[in-house]
Each structure stands twice: as structure tokens, then as C-alpha cells.
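Asks: I have a structure here, written as C-alpha cells, and I will follow up with some questions on it.
The values are calculated or read from the model by the stated rules, or taken from the named source; none is laboratory data. Source: prediction; values computed, not measured. Note that we place each Cβ from the backbone using ideal geometry, even for glycine, and neighbour counts take in every protein chain shown.
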Amino acid sequence: MKLDDCTWGTLVDEDFWQGPGKELFDRTELQAKFLALDNAVLAGWPSDLRLSTHVCRGNYHSTWASAGGYGAVADDLFGKLNVDAYYLEFDDDRSGDFAPLAKVTGDKTVVLGLVTSKQATLEDPTTLIQRVTEASQYVPLERLALSTQCGFASTEEGNQLTATDQWNKIKLVVETAKQIWSTEE
């Protein structure tokens with residue numbers, strides 16, 4: 001089961017917290033509430049069901065809704081959320097660096113969303129391999145995976161990609177993953 005959760009992305013987005021009325025909320029308290037709520041939803045599922053979460057940052061017609069690195073929420077998100085895997089957006093600078101991944105506890109898997117689903121241009125496989133290698137400084141390579149940063153459509157409008165563009169992205173992910181993990185022993 002995978003939660004598609006936009007709350008963590010808004011917690012780290014400084015621009016989001018500059019709007020009117022935001023002073024009525026304490027981000028630290030909200031973070032604790034989000035963690036408790038998520039863990040309550042995740043409790044009681046069968047032990048053989050793999051639980052994961054996608055920290056979604058918005059995916060409407062090739063746009064995004066939030067930005068900011070994971071550092072401010074890493075202790076709770078990566079250390080206390082009761083999931084087996086994280087799907088994290090790292091397709092551009094708005095997601096920050098990989099250092100917060102050092103807070104990932106246990107044997108949890110981190111799926112690196114390095115390939116954007118918002119634009120048709122294909123990423124360079126060598127760059128993707130380098131970024132996965134960089135992330136492996138914080139989470140062992142055998143617990144990392146590669147993916148698009150999000151699905152290809154969160155709304156009926158979809159993103160500004162053709163079906164062929166989408167399949168090309170998926171092919172890029174598969175071929176690059178084979179290069180990275182086929183040599184792993």
C-alpha cells in the first residue's frame with residue numbers, strides 16, 4: 001500500500017508558509033500531528049503488506065506545488081514514520097540534496113524519483129547513475145531504487161507529455177536501473 005502524501009512537502013516549503021493565515025499554525029506541531037495521523041493510518045495492516053509513502057510535491061499539468069529539502073522533516077519522516085519504503089522526488093533542485101537520507105532508519109527502501117514526469121526531455125543516464133551513487137553515501141545501494149519523481153498524471157489533464165514520451169521515460173528508468181544494479185553483488 002502506498003500513501004500519496006502532500007503534507008510533508010508543504011511543511012518544508014518556505015514560500016507556502018509566507019501566505020496570510022499561516023502564522024496561525026506551528027509547523028513543529030503540525031509535523032507531529034501529521035506523523036501521528038500517518039502512523040495511525042498505517043497501523044494494523046497485515047504484517048506481509050509492504051507499506052510505503054510518496055512525498056508528493058504536486059503534479060498538475062506539468063507543474064509542481066511545493067519545494068524545499070527534506071532536512072526539516074527528516075527526523076520524523078525518515079526516523080519515525082512506520083513505512084517500509086519512501087518514494088521521494090529528487091528530479092530538480094527544489095527537493096534539496098541527499099544529506100537528509102542519513103536519517104532513514106532500519107532497512108527501509110528509498111526510491112529516488114530522479115526522472116521527471118513533467119517534461120519530455122530525457123535525463124542523461126550517466127547523470128542518473130552519478131546521482132544514485134551520491135545518494136548511496138547515505139543509504140546503501142541495495143536499499144535504493146530508481147523511478148520517475150511522480151506518476152504521469154495526478155489529474156485528468158495529465159502532464160504535458162505524450163504516451164510515447166511517458167514510455168521513453170519508463171524505458172530510461174529500467175535501462176539505467178539495470179546498469180546500476182546488475183553489477184551489484
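Asks: Is there a residue being at pLDDT 95 or above and outside any loop (DSSP other than H, G, I, E, B) anywhere in segment 6-16?
Replies: Let us first name the residues in segment 6-16 that are at pLDDT 95 or above, namely none.
No: segment 6-16 contains no residue that is at pLDDT 95 or above and outside any loop (DSSP other than H, G, I, E, B).
To keep it simple, each residue is scored yes or no on (1) in contact with a helix residue (DSSP H, G or I) (Cβ under 7 Å, 6 or more places away or on another chain); (2) at positive phi; (3) not in a helix (DSSP H, G or I).
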site: Asn82; (1), (2), (3): yes, no, yes
site: Pro100; (1), (2), (3): yes, no, no
site: Val110; (1), (2), (3): yes, no, yes
site: Gly113; (1), (2), (3): no, no, yes
site: Ser117; (1), (2), (3): yes, no, yes
site: Ala120; (1), (2), (3): yes, no, yes
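Asks: For Pro20, which of the numbered conditions (1) surrounded by fewer than 13 Cβ atoms within 10 Å (Cβ to Cβ); (2) within 15 Å of Asn82 (Cα to Cα) fails to hold?
Replies: For Pro20, the failing item is (2).
Asks: Hey, another quick one. For Glu142, which of the numbered conditions (1) closer than 18 Å to Cys56 by Cβ; (2) modelled with pLDDT of 90 or more; (3) surrounded by fewer than 16 Cβ atoms within 10 Å (Cβ to Cβ) fails to hold?
Replies: Of (1) closer than 18 Å to Cys56 by Cβ; (2) modelled with pLDDT of 90 or more; (3) surrounded by fewer than 16 Cβ atoms within 10 Å (Cβ to Cβ), only one is false for Glu142: (1).
Asks: Here's another thing I want to ask about it. Looking at segment 27-61 only, could you name the residues that are surrounded by 10 or more Cβ atoms within 10 Å (Cβ to Cβ), modelled with pLDDT of 85 or more and outside any helix (DSSP H, G or I)?
Replies: Passing the criteria: Trp45, Arg50, Leu51, Ser52, Thr53, His54, Val55.
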